[in-house]
Amino acid sequence: MENKILAYIETKQDKLKNNAYEIVSAARQTAERLNCEFDVLAITDISDEDLKITGKYGAEKIYKVSLKELNAKSGKTDFIYSYSANAVAISNFFILKGYSILLLSATMTGRDSAPRIAIKTESAIIPDVTELEIENEKLIAVRPVYAGKSNVKVKHKTDKVIFSLRPNVFKAILNEKETTIENVNIDSLNISAYDFKDFVKEIKLSSAKLDVSDADRIVSGGRGLRKDDVYHYELIEELANTIGAATGASRAVVDAGWRPQIEQVGQTGKTVSPSLYIACGISGAIQHLAGMSSSKCIVAINKDKDAPIFQTADYGIIGDLFEVIPELTKEFKKVL
Amino acid sequence: MKIAVCISYVPDSITKIKISDTGKSISGDGVSYILNPYDEFAVEEAVRTKEKFGGEVYAISFGTEKDRDVIKKAFQQGADKGIFILSENENYDSYTVAKNLADTIKKLSPDIIFTGKQSIDFDGYLVPNFLSEILELPSVNITTKLEISDNNVKAERDTEGGKETIEFKLPAIITTQKGINEPRYPNIKSIMAAKSKPIETIKAKFNDSLTEITEMKIPPLKSRGKIFSNSTSDAGELVRLLREEAKII
């Protein structure tokens, strides 16, 4: 089967998600290495101008499926989208145009869609990929397993394959191209009311300005920030605000009810790969490391010099959090 | 109500991983296995659903001989019956697991199927949505809240930056996330009761896999970073390094 790549990009609240650029960039580079074509697909009603921003990262041809037109196929109106129907639309488009490789982001939505599309398109799926290599003209994926304690190289035994790429790991590289957008005729995708098996009725965004899963910088707090039975979130918050970071938390902090679960980083929380991760008062249990060890730069602040977090950290300060964090905030303020 | 819960046995996350002689998997020596933590929420939700609506909870698992005991863990948490799908082949992937589970679930024809949002060994998030496609059922993932009335379900799930409310009809697959419930600890009574609960063993019918691991490696230890422990002056030096050396600020 001849290689042909489809890059599926996500939008959120009338905007492209940041990882759309990584996916386009990864697709462009993979297409160049395999010497094949690649297209971009979005299911959205955002403006063409917004979609064309992906042209900066090498997108030449973007296919747009109108979410409104797709949803209309359900015969209902009172919902925002349907996971099952979106997966059918992507699958049918993939088959219709004869693609052999699908790249998408391993976000919570991407991870939901990818296995569904795999079954419908008879493709293999390799999830949460952190590296794509080419061996004998075939794509091989590298991904972490066992909470990041080991990596595996995985190959597919099928003609067609889907890779979901871990967000923030693949770089968005500028490569400006002339971009054209083609609206996909919804009738060509053969969607029926039967394909709508779930209905998203409401999306509640957390009150946090920035969510850990989208953030390029994260400041996380752990048990060490408790003093006199109070969790001193204000220290984390001020540092985070200073450098434009999201605030995260360790499991201990969430279990104690000091911070909401939405902030939890680690095995029972979110997996993140920001450019900068500052861990304050977090000892670095394997479950926490599983969620953040692929961050590009890790800074640890802890009073315990033997805390395992220091073995993963690129930089660290051993000291009293209640002195070090405000000092660090002050130093950042001087230069930002 | 007929309730199914799909579970898996995974190495405890504190286990030290060693690579086996094949270089493609972990060595089983000294590994202790636990019920996948997200499946604990699934078993608990299954048992709570039974307590509310009546019926029976079937714990279903796929694996090799060493995985059989996982069913007992679900019994201790309140599951009633067990089905263990025994694979003689160790080289399977998520697709193999899903194909076999789907076959068993189809015959059982449950009203609702629970499973953990991911298993902490391979973290693929694949099996639940493979199942939903093979069985043509709705699937709602990373669920933190569930309300069932008759055939109608309203669920809340985690998504990037918030929560979504989703409506769908039973039968359906629901994957559980921390927050949906507090799993109960087995007590003496439930541990004793678990001993007499029946496990049906069936042989895996499907052996096909779509992917193959060609190599497994332990990532090299990071060389130790620059760690300071002098005084408050460290903060200034750290900010300088983040700007000038790491170039991320």
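The values are calculated or read from the model by the stated rules, or taken from the named source; none is laboratory data. Worth saying up front: this structure is predicted, and the values here are computed from it rather than measured. Cβ: placed from backbone, ideal geometry, glycine included. Neighbour counts: every protein chain shown. Ligands, DNA and RNA are excluded from the accessible area calculation, which covers all protein heavy atoms including side chains. Shrake-Rupley method; radii C 1.70, N 1.55, O 1.52, S 1.80 Å.
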Q.
I want to confirm something. Restricting to the stretch B:192-249 and keeping residues that are more than 9 Å from chain A (Cβ to nearest Cβ) and among the hydroxyl-bearing types (Ser, Thr, Tyr), which single residue is farthest from B:Ile17 (Cα to Cα)?
A. B:Ser196
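In this structure, does B:Val10 turn out to be within 30 Å of B:Pro110 (Cα to Cα) and either open to solvent by 10 Å² or more (accessible area, probe 1.4 Å) or in a strand (DSSP E or B) (or both)?
Working: within 30 Å of B:Pro110 (Cα to Cα): yes; either open to solvent by 10 Å² or more (accessible area, probe 1.4 Å) or in a strand (DSSP E or B) (or both): yes.
The answer is yes for B:Val10.
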Q: Name every residue in the stretch B:100-119 that is open to solvent by 50 Å² or more (accessible area, probe 1.4 Å) and either without any contact (Cβ under 8 Å) to a residue 40 or more places away in the chain or in contact with a helix residue (DSSP H, G or I) (Cβ under 7 Å, 6 or more places away or on another chain) (or both), in order of residue number.
A: B:Lys106, B:Lys107
Q) Of all the residues that make up the stretch A:237-272, how many are in contact with a helix residue (DSSP H, G or I) (Cβ under 8 Å, 6 or more places away or on another chain), on the phi < 0 side of the Ramachandran plot and open to solvent by less than 40 Å² (accessible area, probe 1.4 Å)? A) 20
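Looking for something at positive phi, out of contact with any strand residue (DSSP E or B) (no Cβ under 9 Å at 6 or more places or on another chain) and not aliphatic (A, V, I, L, M) - is there at least one such residue anywhere in the stretch A:92-115?
In the first step, residues of the stretch A:92-115 are kept if they are at positive phi; the result is A:98.
Restricting the remaining residues to those that are out of contact with any strand residue (DSSP E or B) (no Cβ under 9 Å at 6 or more places or on another chain) gives none.
Within the stretch A:92-115, not a single residue is at positive phi, out of contact with any strand residue (DSSP E or B) (no Cβ under 9 Å at 6 or more places or on another chain) and not aliphatic (A, V, I, L, M).
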Q. Given the conditions (1) of a type outside the set (Gly, Ala, Ser); (2) in contact (Cβ under 8 Å) with a residue 24 or more places away in the chain; (3) surrounded by fewer than 17 Cβ atoms within 10 Å (Cβ to Cβ), and given that B:Phe122 satisfies all but one, which numbered condition is not satisfied?
A. (3)
Q: Identify the residue in the stretch A:116-153 that is open to solvent by less than 10 Å² (accessible area, probe 1.4 Å) and without any contact (Cβ under 8 Å) to a residue 12 or more places away in the chain and, among all such residues, is farthest from B:Leu126 (Cα to Cα).
A: A:Ser150
Q. Filtering the stretch A:300-332 down to residues that are more than 7 Å from chain B (Cβ to nearest Cβ) and more than 29 Å from the chain's Cα centre (by Cα), which residue is surrounded by the fewest Cβ atoms within 10 Å (Cβ to Cβ)?
A. A:Asp306
(Q) Considering only the stretch B:40-61, I want to know if a residue exists there that is within 13 Å of chain A (Cβ to nearest Cβ) and open to solvent by 10 Å² or more (accessible area, probe 1.4 Å). (A) yes
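Kindly indicate whether any position in the stretch A:233-240 is within 12 Å of another protein chain (Cβ to nearest Cβ) and modelled with pLDDT of 95 or more. Explain how you work it out, then say what you get.
Our first condition is that a residue be within 12 Å of another protein chain (Cβ to nearest Cβ); within the stretch A:233-240, this holds for A:239.
Cutting the leftovers down to modelled with pLDDT of 95 or more gives us A:239.
Looking through the stretch A:233-240, at least one residue is within 12 Å of another protein chain (Cβ to nearest Cβ) and modelled with pLDDT of 95 or more.
Please pick out the residue among A:Ser100, A:Ser47 that is among the small types (Gly, Ala, Ser), surrounded by fewer than 23 Cβ atoms within 10 Å (Cβ to Cβ) and within 25 Å of A:Lys160 (Cβ to Cβ).
Of the residues listed, the single one that is among the small types (Gly, Ala, Ser), surrounded by fewer than 23 Cβ atoms within 10 Å (Cβ to Cβ) and within 25 Å of A:Lys160 (Cβ to Cβ) is A:Ser100.
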Q) If you take the residues of the stretch A:159-193 that are open to solvent by less than 50 Å² (accessible area, probe 1.4 Å) and β-branched (Val, Ile, Thr), which of them is nearest to the chain's Cα centre (by Cα)? A) A:Val169
(Q) For the stretch A:145-251, give me every one of the strands (runs of 3 or more DSSP E) that falls completely inside it and has 1 or more residues that are under 30 Å from A:Asn302 (Cα atoms) and not assigned by TED's automatic domain parsing to the domain that holds A:Asn92. (A) A:217-221, A:246-249
